[in-house]
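The values are calculated or read from the model by the stated rules, or taken from the named source; none is laboratory data. Quick caveat, the model's predicted, so the values are computed rather than measured. Every residue, glycine as well, gets a Cβ built from its backbone with ideal geometry; the counts of neighbours run over all protein chains shown. For accessibility, only protein heavy atoms count, side chains too; no ligands or nucleic acids. Shrake-Rupley method; radii C 1.70, N 1.55, O 1.52, S 1.80 Å.
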Amino acid sequence: MKIDDVLNKTGSGELLSRDELVFLLEFPSDSIEAYMVMAEANRISKEVSAGKAEVHAQFALNLAPCSCDCLFCSFAEVNGVFTASTALSSEQAVAYARQFETDGANALFLMSTAHYPFERFLEISGEVRKNLKPETTLIANVGDQSLKSARKLKDAGFTGVYHAVRLREGIDTTLDVGRRKQSIANFREAGLEVGTCVEPVGPEHTNEELADMIAFTASFNPAYSGAARRIPIPGTRLAALGIISELRMAQIVAVTRLGMP
């Protein structure tokens, strides 16, 4: 396999195979080949976005310890970062949203912990939507949902959702991979755009794991994708595994870009 052949394939719009994704991920991050990958990904990104950036802003409707216990998450009960629960009022949420919009955000993400009451999420979201400009995109960042609930999100004024099958889902989390994937299918069937990410990447994740996740995210043609490294929470088990460099992160983001439709 040759780097030029693989990059020429992406330039012609062909999807990369799992082996080709692994091949691109295996180069040292400071190698000429890795820089070639980053340059090609940068070219494609600028081409498909016409050189325009989007400004996304996110805020949480609540802060609370979460029993899903995703080991990489500061909200996980097991990590002991959050010990009390707080929640925004509708008025506070609207104020945050309008401020972000005024400051230049063209997409607003409303998030909550997994067990935040769904009907309350819809209620506040409806108030936020009514107070935003029609052209401001509203995105939900919530837990797994049924098709019925996904349709309610659509009816509440959401354009899309952020949802991801995280690396080592079901191992570093208590959540079921199948349910995560079904939620993505439910969101799409409800007419919602789905954004996703290859995350949270740590030094322990293999190139094969990363390639499999890139291929999965590409399989449902997301509205956007990318990759994100894990930021260690001091004192936790995963913190002992360390953090990947920003250069390695850039390489993984680039390969993710090349792996997308």
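Brief remarks on what is shown
- According to the Kirkwood relation over distinct C-alpha pairs, the hydrodynamic radius of the stretch 46-195 is 16.2 Å.
- Loop GluC sites (Glu not before Pro), the stretch 123-181 (other Cβ atoms within 10 Å of the site Cβ: 10 or fewer; DSSP): Glu135
- Global form of the stretch 100-186, assessed from the alpha-carbon gyration tensor, a/c cut-off 1.5: prolate
- 0 to 90° range, to nearest 10: angle between helix 32-48 axis and the chain longest Cα axis: 50 degrees
- Estimated Rh, the stretch 206-246: Kirkwood, alpha-carbon pairs, angstrom: 12.2 Å
- Shape category assigned to the stretch 13-113 from the gyration tensor of Cα positions, a/c cut at 1.5: oblate
- Computed over the chain, relative contact order equals 21 percent, with contacts defined as Cα pairs under 8 Å that lie 6+ residues apart.
- Overall form of the stretch 170-261 per C-alpha gyration tensor (a/c, 1.5; a/b vs b/c): oblate
- Among the listed pairs Lys2/Lys181; Lys46/Lys181; Lys52/Lys133; Lys9/Lys46; Lys46/Lys133, a Cα-Cα separation exceeding 24 Å is found for Lys2/Lys181; Lys46/Lys181; Lys46/Lys133.
- Per residue, the chain reaches -13000 deg cm²/dmol at 222 nm when only DSSP H runs of four or more residues are counted, each adding -39500 (n - 2.57).
- The Cys residues in the chain with no partner Cys Cβ within less than 4.7 Å of their Cβ are Cys66, Cys68, Cys197.
- Distance in nm between pseudo-label sites at Thr102 and Lys130 (7 Å out along the Cβ direction from Cα): 2.0 nm
- Computed over protein heavy atoms with a 1.4 Å probe, the accessible surface of the stretch 53-191 works out to 49 Å² per residue.
- Highest average packing first - 111-117, 6-12, 241-247, Cβ atoms within 10 Å: 111-117, 6-12, 241-247
- Heavy-atom accessible surface of the chain: percent carbon and sulfur, 1.4 Å: 52 percent
- Mean-position separation - Cα centroids, the stretch 64-107 and the stretch 191-261, in angstrom: 22 Å
- For a paramagnetic label modelled on Val48 (point 7 Å from Cα along Cα→Cβ), amide N atoms under 20 Å away belong, within the stretch 220-261, to 220-229, 249-261.
- Residue with peak Gaussian network fluctuation, the chain [Cα springs, cutoff 10 Å], from Asp176, Asp19, Asp103: Asp103
- Convex hull per residue volume in Å³, alpha carbons only, for the chain: 131 Å³
- Proximity of backbone amide H atoms, modeled 1.01 Å from N, is registered between Phe109 and Ala57, Gln58, Phe59, Ile139 at under 5 Å, excluding neighbours fewer than 5 places apart on the same chain.
- Segment Ile171-Phe220, extension gain: residue separation times 0.36 nm, minus the distance between their alpha carbons: 15.3 nm
- Sequence-distant contacts, meaning Cα pairs under 8 Å at least 6 residues apart, place the relative contact order of the stretch 106-261 at 18 percent.
- Stretching the chain fully between Ser245 and Glu14 yields a gain of 80.2 nm (0.36 nm per residue, less the alpha carbon separation).
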